[in-house]
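Working notes, beginning with the structure itself.
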Amino acid sequence: MDLILDLMPEENIAFDVIESGKTNEYYQGQAEHILKHIDTNEHYFHFISTILKNYHILSDEQKQKIIKQLNIPPVIKEKIVIKEKIVYKQAKKVNLNTYDDY
């Protein structure tokens, strides 16, 4: 989609222009405005997946705030270790003649 938008002349794009260098409240207000115009879950899904493209550049603190807001439970990884007793078969002892048969 980014490539398509880059190829189109700006006068043909029907999106609102979001200015840079504004306050956090400005961007929050823009997001609320956009959310009011999203009418289906499918559209909301595509909007969120597009917005989260740059999620990896956020700080850990910002990511934790988003995770808390989304109410995502922590992932607990448990490693189950089962120890089995290894039974070695004892080799039969060879009875060697200890006497000389000559």
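The values are calculated or read from the model by the stated rules, or taken from the named source; none is laboratory data. Treat the numbers as computed from the prediction; the structure is a model and nothing was measured. Methodologically, a virtual Cβ is constructed for each residue, glycine included, from the backbone with ideal geometry; neighbour enumeration extends over all protein chains shown.
Within segment 27-46, is there a residue that is part of a loop (DSSP other than H, G, I, E, B), exposed (fewer than 10 other Cβ atoms within 10 Å of the Cβ) and either at pLDDT below 85 or among the charged types (D, E, K, R) (or both)?
So far as segment 27-46 goes, yes, one or more of its residues are part of a loop (DSSP other than H, G, I, E, B), exposed (fewer than 10 other Cβ atoms within 10 Å of the Cβ) and either at pLDDT below 85 or among the charged types (D, E, K, R) (or both).
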Response to the item:
Selection from segment 64-87 of residues closer than 15 Å to Leu52 by Cβ, under 13 Å from the mean Cα position of the chain (by Cα) and in a loop (DSSP other than H, G, I, E, B) yields Ile72
Item to complete: Determine, yes or no, whether Ile4 is exposed (fewer than 10 other Cβ atoms within 10 Å of the Cβ), assigned to a helix (DSSP H, G or I), of a type in the set (Val, Ile, Thr) and at pLDDT below 85.
Response: yes
